[in-house]
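Structure record follows, encoded as structure tokens.
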Ligand code: NAP
């Protein structure tokens, strides 16, 4: 029997005015998990700044928030650039007021054997996935500290931060950095009233994922490969995100919460046959 399915997406979860006084900036908020979290915060009264590069993604994120009756603005931002991040926060502030909650969700990944990855490939992934959260978090904290006002940061990680990610080495290394950043920054900024937490999703398939990730082995019969016997649904991730950023998590900071149906702990006594990353990647080539 699988773990019970989540309640319907519009089930009342937290009070509907939980984020009535908040502006939530979500990087990568126009696709997948970021879009689902944008909807989740909007359902609870938050005003949303969707921050990413592509016009199409920005429009899609704003439309998703408006579809649940919320207010959202599109903020063109490249998280690899501290200047772009600063300009994005300025624009969000001008349109909605000071950002009070930051969700570092944008990331990049593609499966590749480490020895085949170019220096540029390494830099692209680590700059988006690790530099981005650092630039956004420090921009956010400088502004909250100057205002002497509290805030919350949520970093979306991945459990291969702890296990390593063969075939996804730069992303795994960057996510390890993010999990560690959560711990450092939570201590640095707790005296300023700023909480910093991480959320580590397991398998949450969605239509916006690049084909290369949709095609990974096990994506077809994944329900049979996860101890929970089901994949995660986007709105249950949004519930965890909104809880961690809400006043109901007021004493939780420096925590990396796993939401994956126990998938990362599955190793057990039965060792699956080992396939080297290089062999698997070659077998995928036409
Ligand atoms: P996704 O759909 O591929 O979204 C990535 C987002 O990041 C896009 O909206 C993209 O928007 C944005 N982005 C990429 N580069 C950017 C840049 N330089 N500046 C600003 N924004 C940028 O990913 P997802 O599956 O929803 O994953 C969201 C988060 O969850 C990521 O941190 C991922 O590592 C984590 N995660 C996901 C899963 C899963 O099963 N889906 C599992 C574990 C962890 P633009 O193209 O418009 O810039």
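Checking residue 84 against (1) over 21 Å from residue 175 (Cβ atoms); (2) within 20 Å of the chain's Cα centre (by Cα); (3) surrounded by 15 or more Cβ atoms within 10 Å (Cβ to Cβ); (4) in contact (Cβ under 8 Å) with a residue 24 or more places away in the chain, which single condition isn't satisfied?
Of (1) over 21 Å from residue 175 (Cβ atoms); (2) within 20 Å of the chain's Cα centre (by Cα); (3) surrounded by 15 or more Cβ atoms within 10 Å (Cβ to Cβ); (4) in contact (Cβ under 8 Å) with a residue 24 or more places away in the chain, only one is false for residue 84: (4).
Which condition breaks for residue 124 when tested against (1) within 17 Å of the chain's Cα centre (by Cα); (2) within 12 Å of the ligand (Cβ to nearest atom)?
Condition (1) is where residue 124 drops out.
Since residue 6 meets every condition but one in (1) closer than 26 Å to residue 247 by Cα; (2) within 16 Å of the ligand (Cβ to nearest atom); (3) in contact with a strand residue (DSSP E or B) (Cβ under 9 Å, 6 or more places away or on another chain); (4) part of a loop (DSSP other than H, G, I, E, B), which condition does it not meet?
Going through the list (1) closer than 26 Å to residue 247 by Cα; (2) within 16 Å of the ligand (Cβ to nearest atom); (3) in contact with a strand residue (DSSP E or B) (Cβ under 9 Å, 6 or more places away or on another chain); (4) part of a loop (DSSP other than H, G, I, E, B), residue 6 breaks only (3).
Determine whether region 117-135 contains at least one residue that is farther than 30 Å from residue 281 by Cα and touching a strand residue (DSSP E or B) at 6+ places or on another chain (Cβ under 6 Å).
For region 117-135, residues farther than 30 Å from residue 281 by Cα and touching a strand residue (DSSP E or B) at 6+ places or on another chain (Cβ under 6 Å): absent.
Among the residues in region 65-81, are any on the phi < 0 side of the Ramachandran plot, more than 12 Å from the ligand (Cβ to nearest atom), in a helix (DSSP H, G or I) and surrounded by fewer than 24 Cβ atoms within 10 Å (Cβ to Cβ)?
Yes, some residue in region 65-81 is on the phi < 0 side of the Ramachandran plot, more than 12 Å from the ligand (Cβ to nearest atom), in a helix (DSSP H, G or I) and surrounded by fewer than 24 Cβ atoms within 10 Å (Cβ to Cβ).
Testing residue 49 on (1) within 30 Å of residue 167 (Cα to Cα); (2) touching a residue at least 24 places away in the same chain (Cβ under 8 Å); (3) within 13 Å of the ligand (Cβ to nearest atom), one condition comes back false. Which one is that?
Answer for residue 49: the failing condition is (1).
Check region 251-260 and report whether any residue there is out of contact with any strand residue (DSSP E or B) (no Cβ under 8 Å at 6 or more places or on another chain), more than 10 Å from the ligand (Cβ to nearest atom), in a loop (DSSP other than H, G, I, E, B) and under 17 Å from residue 152 (Cβ atoms). Spell out how you get there, then give the answer.
Of region 251-260, the ones out of contact with any strand residue (DSSP E or B) (no Cβ under 8 Å at 6 or more places or on another chain) are 251.
Then keep just the ones that are more than 10 Å from the ligand (Cβ to nearest atom); that gives 251.
Those still in the list that are in a loop (DSSP other than H, G, I, E, B) too: 251.
Next cut, under 17 Å from residue 152 (Cβ atoms) only: 251.
Yes: one or more hits.
Kindly establish whether residue 121 is at positive phi and surrounded by fewer than 18 Cβ atoms within 10 Å (Cβ to Cβ).
Details: at positive phi: no; surrounded by fewer than 18 Cβ atoms within 10 Å (Cβ to Cβ): yes.
The answer is no for residue 121.
I need the full set of residues from region 226-235 which are more than 21 Å from residue 161 (Cβ to Cβ) and either assigned to a loop (DSSP other than H, G, I, E, B) or more than 14 Å from the ligand (Cβ to nearest atom) (or both), in order please.
Within region 226-235, 229, 230, 233 meet the criteria.
Would you please name the residue that is nearest to residue 98 (Cα to Cα), looking only at residues in region 27-46 that are part of a loop (DSSP other than H, G, I, E, B) and more than 6 Å from the ligand (Cβ to nearest atom)?
Out of the qualifying residues, it is 46.
Collect the residues in region 114-132 that are in a loop (DSSP other than H, G, I, E, B) and within 30 Å of residue 20 (Cβ to Cβ), keeping them in residue-number order.
none
Out of 111, 98, I need the residue that is more than 10 Å from the ligand (Cβ to nearest atom), under 21 Å from residue 31 (Cβ atoms), in contact (Cβ under 8 Å) with a residue 60 or more places away in the chain and part of a loop (DSSP other than H, G, I, E, B). Which one?
111
Of the residues 198, 157, 164, which is more than 21 Å from residue 227 (Cβ to Cβ) and in contact with a helix residue (DSSP H, G or I) (Cβ under 8 Å, 6 or more places away or on another chain)?
Answer to the selection: 198.
Quick one: residue 261 ticks every box in (1) touching a residue at least 40 places away in the same chain (Cβ under 8 Å); (2) exposed (fewer than 15 other Cβ atoms within 10 Å of the Cβ) bar one, so which box is it?
Just one mismatch for residue 261, condition (2).
None of the figures in this text is laboratory data; all of them are computed from the coordinates on show. Here the structure is a predicted model, which means the values were calculated and not measured. Heads up, the Cβs are rebuilt from the backbone with ideal geometry, glycines too, and the neighbour counts pull from every protein chain shown.
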